[in-house]
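Heads up, the thing below is written out as structure tokens.
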Amino acid sequence: MRSFLKIFVYDLKVTLRQREALFWLLIFPLLLMVILGIVFGSAGDVKLKIGLVDLDGSEISQAVINAFQGIDALVVEVGDEEAERAALRDGDRNGVLIIPAGFSERLMAGKASEVTVIINQSELTTAQITSSTLRGIMGKMEQAMSGVPELIEVREEEEQDVEDFEYIDFMIPGILAMVIMFGGLTGYALEIATYREKGILRRIKVSSLSLPTFLASGIASVLVFSLLQAAVLLAFGSLVFKLKISGNYLYIAVLVLLGSVSFLAVGFLIASLTKNTRSAGLAAQAIGMPMMFLSGIFFSVEWVPAPVRVIAHCLPLYYLGDGLREVMINSASLFTVWLDLAVLGGMALVAFAASAKFFRWE
Amino acid sequence: MSAISIRELRKYYGDVKAVDGVSLDVEEHEIFGILGPNGAGKTTTLEMVETLREPDAGEITVLGLDVRSQARAVKEIIGVQLQTTVFIEELTVWETLDLFSCFYPRSLPVDELIELAELKDKATSRINELSGGQHKRLSIALALINDPKVVFLDEPSTGLDPQARLRIWEIVARLREQGKTVILTTHYIEEAERLCDRVAIMDHGKIIALGTPSHLIGEFVPESTITFRLRPPLDVELVSGIAGVESAFADDDQFHVVTATPQETLVGIFTLAHEKGSEAEEINMKRASLEDVFLKLTGRRIRS
């Protein structure tokens, strides 16, 4: 037990000291999540970026700018005309509004005054929204200045209890499954392959420690680390993308641990069957990559052609992704996801048995 | 009881007879060397004793314990330095020793090992910051972690510069003081001669000679070479006639003679010089080495 704990602690220490591995295990999934989240996830949440050019420089034009800056849904930049037009051409602005010189004088004199609005037309929907937003705001201001009462008042009611699952809620359990898979295939299994290559396993063989004890503490540290990965991923998802986890955390942990063990077993098998660490790494990538794309990690397999769907149902990663998604989003119980658990558990048993058979000390 | 007893040990790899009928006994508290060229079977022999390799045939006991049927008990009383162990890069020297100490039911304090291996100022350094010599010393410290009765050192100083080699020898000398039995392999003549009480010379999987270094030299190459100058030089014929001289060779006023009875020959040299009015100067006597023994037995040099 003393040796079990000590090896466990040192294994965690070694993992935490591998800077590069930490990047791939912890930071990269977060980056991937951010990228996917921005590209596919939250189109409804995008803020319009408006450039304001004040050629008038009066108190009134300043008041207009202040009014714009007070609107939460807009990101407002104030600059000179040339710079703002250039920013718009670069796609950095959804629209630019130019307040002409003499704007306030004409207003004071009671004359009609015009402002110029340039809209970024590259995306039609956004262009429409930008245009009507700018018109709406200017209309409101005009109304306020001219003191004409509003005839129709819009009353807003907020409905909080909406059952909407966005892409992000689908994608995050998928990314978690992917991270667990790659962690299992390439992490500790490759570490052991390295130990074999460097002769560390032989050094352990001549000591009185039993190999099962050594491996068990290593696996325990892998499991603890995978829980940590899951926690970081889900916490990040909740904070940044308002991920809604409606399932039981204990069930999530069970799936994370089982997924981790079963892909680790496959990783061991790969490491036992390949000649050295390098080829083990390549083999793990070759197995992991297609699984990542075909198992409904980033998009539901319901959307793909039937033959691909059949392939997906043959891949173990599909079952981990499915189980995590069911438990996290649909509040499923472990009983409901029995098939996922059975597939992962079965794979763990078969792969561990096979890697025990093919294990090599050197 | 012998510390190690090996009987008719064999290990074949296909047609290659890596170890071909080796028998030997290592006494307790002895520093025993296995000397031989690369590929002689030294490491394979050692690894079978260390429980790392399964012999094809033969018996091995360590302090009376059978290596095959009592492997676990053997592992507890032996300490092994492997020829090539690379450690876990992410750990420091102290952590490496601490980690390995939990591989045994009983272990020495890490600080004591660090002291013995002279790694005090490197205790908190990562493995990849160590020099070759420091790396070897750490691997020796690891071999001592369970306070073993029998220590195996496989080429402990190979690849090290003379300075670093000397520090390894100091550590081995300390092991002798502690009363440990040490069995080491080497292809350095000087290492075998300086460190070992007894040496087995191995070639092509067989032991071709066994004994104390001076016994081996006395038995196989008893001749010494004496080099000296005679001023003025004398005829080489006269020098060849000196008592005990087996062969003589002159190079201007410098003479080389080979003799099995150096004392007699030295007296003869002085007597001859005195009689002929010549002066004998710069007298050097060189005994044969284990290298000469190996040369004599195999017709080859150990390090070719």
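The values are calculated or read from the model by the stated rules, or taken from the named source; none is laboratory data. Note that the coordinates shown come from a computational prediction; the quantities given were computed from them, not determined experimentally. Note: ideal-geometry Cβ built from the backbone for every residue, glycine included; neighbour counts use all protein chains shown. Keep in mind that these areas ignore ligands, DNA and RNA; they rest on the heavy atoms of the full protein, side chains included. Shrake-Rupley method; radii C 1.70, N 1.55, O 1.52, S 1.80 Å.
Every residue in region B:108-134 that is out of contact with any strand residue (DSSP E or B) (no Cβ under 8 Å at 6 or more places or on another chain) and surrounded by 19 or more Cβ atoms within 10 Å (Cβ to Cβ), please. Steps first, answer last, please.
Step one: filter region B:108-134 for residues out of contact with any strand residue (DSSP E or B) (no Cβ under 8 Å at 6 or more places or on another chain), giving B:108-122, B:128-134.
Scanning region B:108-134 gives B:VAL110, B:LEU113, B:ILE114, B:ALA117, B:LEU119, B:LYS122, B:GLY133, B:GLN134.
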### Message
Can you pull out every residue in region A:101-130 that is surrounded by fewer than 16 Cβ atoms within 10 Å (Cβ to Cβ), touching a residue at least 12 places away in the same chain (Cβ under 8 Å) and within 41 Å of the chain's Cα centre (by Cα)?
### Response
A:THR116, A:VAL117, A:SER122, A:ALA127
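Which of the residues that make up region B:69-100 are among the charged types (D, E, K, R) and under 26 Å from the mean Cα position of the chain (by Cα)?
Across region B:69-100, the qualifying residues are B:LYS75, B:GLU76.
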### Query
If you take the residues of region A:59-84 that are of a type in the set (D, E, K, R) and closer than 22 Å to A:GLY136 by Cα, which of them is surrounded by the fewest Cβ atoms within 10 Å (Cβ to Cβ)?
A:ASP72
### Message
Need the failing condition index for A:VAL9 against (1) within 14 Å of another protein chain (Cβ to nearest Cβ); (2) more than 29 Å from A:MET181 (Cα to Cα), just the number.
### Response
(2)
### Task
Please find, within region A:197-213, the residue that is nearest to the other protein chains (Cβ to nearest Cβ) out of those that are out of contact with any Ser or Thr (no Cβ under 8 Å at 6 or more places or on another chain) and open to solvent by 10 Å² or more (accessible area, probe 1.4 Å).
A:SER210
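Can you tell which of A:LYS49, A:LYS13 is under 30 Å from the mean Cα position of the chain (by Cα), of a type in the set (D, E, K, R) and surrounded by fewer than 17 Cβ atoms within 10 Å (Cβ to Cβ)? Full working, then the answer.
On the way: A:LYS49 fails: surrounded by fewer than 17 Cβ atoms within 10 Å (Cβ to Cβ).
Result of the check over A:LYS49, A:LYS13: A:LYS13.
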### strands (runs of 3 or more DSSP E) contained entirely in region B:25-138, each with at least 3 residues that are away from chain A (no Cβ under 14 Å)
B:31-35, B:57-62
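Answer yes or no as to whether A:ILE60 is in a helix (DSSP H, G or I), without any contact (Cβ under 8 Å) to a residue 24 or more places away in the chain, more than 14 Å from chain B (Cβ to nearest Cβ) and farther than 20 Å from A:GLY218 by Cα. Steps first, answer last, please.
Details: in a helix (DSSP H, G or I): yes; without any contact (Cβ under 8 Å) to a residue 24 or more places away in the chain: no; more than 14 Å from chain B (Cβ to nearest Cβ): yes; farther than 20 Å from A:GLY218 by Cα: yes.
The answer is no for A:ILE60.
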### Query
For the subset of region A:214-260 comprising residues that are at pLDDT 95 or above and of a type outside the set (A, V, I, L, M, F, W, C), which member is surrounded by the fewest Cβ atoms within 10 Å (Cβ to Cβ)?
A:SER260
#### Entry: Total residues in region A:316-338, condition surrounded by fewer than 20 Cβ atoms within 10 Å (Cβ to Cβ) and either closer than 23 Å to A:PHE182 by Cβ or without any contact (Cβ under 8 Å) to a residue 12 or more places away in the chain (or both)
4
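This table checks each residue for (1) charged (D, E, K, R); (2) farther than 23 Å from B:ASP292 by Cβ; (3) surrounded by 14 or more Cβ atoms within 10 Å (Cβ to Cβ).
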position	(1), (2), (3)
B:PRO233	no, yes, yes
B:VAL245	no, no, yes
B:ALA248	no, no, yes
B:ASP251	yes, no, no
B:VAL257	no, no, yes
B:GLN263	no, no, no
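Does at least one position in region A:344-359 carry a residue that is within 26 Å of the chain's Cα centre (by Cα) and surrounded by 15 or more Cβ atoms within 10 Å (Cβ to Cβ)? Quick ask: steps written out before the conclusion?
Step one: filter region A:344-359 for residues within 26 Å of the chain's Cα centre (by Cα), giving A:344.
Filter once more, keeping what is surrounded by 15 or more Cβ atoms within 10 Å (Cβ to Cβ): A:344.
Scanning region A:344-359, I find at least one residue that is within 26 Å of the chain's Cα centre (by Cα) and surrounded by 15 or more Cβ atoms within 10 Å (Cβ to Cβ), so the answer is yes.
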### Task
Say whether the condition of being open to solvent by less than 30 Å² (accessible area, probe 1.4 Å) and of a type in the set (Phe, Trp, Tyr) is met by at least one residue in region B:27-44.
yes
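Can you confirm whether A:GLY187 is in contact (Cβ under 8 Å) with a residue 12 or more places away in the chain, more than 13 Å from every other protein chain (Cβ to nearest Cβ) and open to solvent by 20 Å² or more (accessible area, probe 1.4 Å)? Break it down into steps so the answer makes sense when it comes.
Numbers: in contact (Cβ under 8 Å) with a residue 12 or more places away in the chain: yes; more than 13 Å from every other protein chain (Cβ to nearest Cβ): yes; open to solvent by 20 Å² or more (accessible area, probe 1.4 Å): yes.
Yes.
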